[in-house]
1. Within region 137-159, which residues are touching a helix residue (DSSP H, G or I) at 6+ places or on another chain (Cβ under 7 Å) and among the aromatic types (Phe, Trp, Tyr)?
2. Among the residues that make up region 72-87, is at least one of them buried (at least 17 other Cβ atoms within 10 Å of the Cβ) and over 18 Å from the mean Cα position of the chain (by Cα)?
3. Would you list the strands (runs of 3 or more DSSP E) that sit entirely within region 76-191 and hold 1 or more residues that are touching an Asp or Glu at 6+ places or on another chain (Cβ under 6 Å) and hydroxyl-bearing (Ser, Thr, Tyr)?
4. Can you name the residue in region 291-314 that is among the aliphatic types (A, V, I, L, M) and in contact with a Phe, Trp or Tyr (Cβ under 7 Å, 6 or more places away or on another chain) and is also modelled with the lowest pLDDT among such residues?
5. Can you tell me which residue within region 295-336, out of those that are touching a strand residue (DSSP E or B) at 6+ places or on another chain (Cβ under 9 Å) and not in a strand (DSSP E or B), is farthest from residue 277 (Cα to Cα)?
Amino acid sequence: MQKKLFILVLLIMTYSTYSQVGGQSVYQFLNLISSPRQAALGGKTITIHDYDVNQPLFNPATINEEMNGRLALNYGNYFGDVTYGTGAYAYTYDRHLQTFHAGVTYINYGNFDGRDEMGQSTGEFTGSEIALSLGYAYNVPWTKLYIGANAKFISSTLESYNSFGVAADLGAIYVDDKNDINYGLVVRNLGTQVTTYAGQNEKLPVEVIAGISQELENVPIRWHLTLENLQKWKVGFSNPARGEQTIDGEVIEEKVGFLGNAFRHVIFGAEVFPKKAFSLRVSYNFRRAAELKIVEQRTFSGISAGFGIRFTKFRFDYSYSRYTLASNTSLFGLMINL
């Protein structure tokens, strides 16, 4: 019965979703990595079900009483002068109503020099976006299935253009305590623009993510397998630098085959000592590695790593993600027990 109910929930959640990948929708910042732990495990892990109050930003079904009174603050330097941060807090009102979650994601794109069509200076301008979220999870009676939802309120300012939107995340996680396996599924960013930048309504970056994780029986390691962008099969793009030139000088475009597309949906990560005061994390994002690979150079794109240290009243986390030889990101996080 539990398995049938879980399958039914997954089918309902995936119904009517549509394809969205990077660069095809507004509010792309909604898919930014939420915390150093998340980044070190590949960026889209949805099967963490413990104290981590950052996790509901990606899967609201993971909200639980162990997060009660925890406040998380995360900050990172992105590319160029772009900076962003996230915050999260959970509060258990009582055991009947369970736990409520609040989160925020913010990004600042830095300062830009404005120019008109003649190249004349129009002064400096900036851009920033913010999303506030409220989440709640529910344990289906007599099962190990949890379902949850986030409501998001989005504000975006790009130069003199403004937009406001609303969105929701729907998530489910099945916690198999006997075998220490978690199964998860999330549909993220279902919503719409309430007000547009210039009169044209644009789509939000809807994404379907599935995942499974397990802690090994005799080894203190939990592995995570995540499948991203399941709403669209073909996520691979040909790289012009990897095209082949014929004798006649014709350039043959790189072909992304079945296996190439399949692996671009895969993220694999592992956490060593996940329940101890000190933990290590590492992951490999296949799509990031394939898209940012440079011909005849070893760049290690797609690899992320990090660690976490727990003290009496707080926890410090750090992650380093490899993109290219010129651009990499670090995230710093602090989780406080209030």
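1. 146
2. No, region 72-87 has no match at all.
3. Of the strands (runs of 3 or more DSSP E) lying wholly inside region 76-191, those with at least 1 residues that are touching an Asp or Glu at 6+ places or on another chain (Cβ under 6 Å) and hydroxyl-bearing (Ser, Thr, Tyr) span 83-94, 98-115, 121-139, 145-158.
4. Out of the qualifying residues, it is 292.
5. Here is the first cut: in region 295-336, the residues touching a strand residue (DSSP E or B) at 6+ places or on another chain (Cβ under 9 Å) are 299-310, 312-323, 328-336.
Then drop every residue that is not not in a strand (DSSP E or B), which leaves 299-302, 312-313, 323.
Numbers: 299: 32, 300: 29, 301: 29, 302: 27, 312: 10, 313: 12, 323: 29 Å.
Of everything passing the filter in region 295-336, 299 is farthest from residue 277 (Cα to Cα).
The rows are residues; the columns are (1) closer than 24 Å to residue 262 by Cα; (2) out of contact with any Ser or Thr (no Cβ under 9 Å at 6 or more places or on another chain); (3) modelled with pLDDT under 95; (4) surrounded by fewer than 23 Cβ atoms within 10 Å (Cβ to Cβ).
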position: 169; (1), (2), (3), (4): no, no, no, no
position: 177; (1), (2), (3), (4): no, yes, yes, yes
position: 181; (1), (2), (3), (4): yes, no, no, yes
position: 187; (1), (2), (3), (4): yes, no, no, no
position: 193; (1), (2), (3), (4): no, no, no, yes
position: 206; (1), (2), (3), (4): yes, no, no, yes
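Yes or no, residue by residue, for (1) over 17 Å from the mean Cα position of the chain (by Cα); (2) modelled with pLDDT under 95; (3) of a type in the set (A, V, I, L, M):
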residue	(1), (2), (3)
5	yes, yes, yes
41	no, no, yes
47	no, no, no
70	yes, no, no
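The values are calculated or read from the model by the stated rules, or taken from the named source; none is laboratory data. Bear in mind the structure is a predicted one, so any value in this text is a computation, not a measurement. FYI the Cβ positions are ideal-geometry reconstructions off the backbone, even for glycines, and counts take in every protein chain you see.
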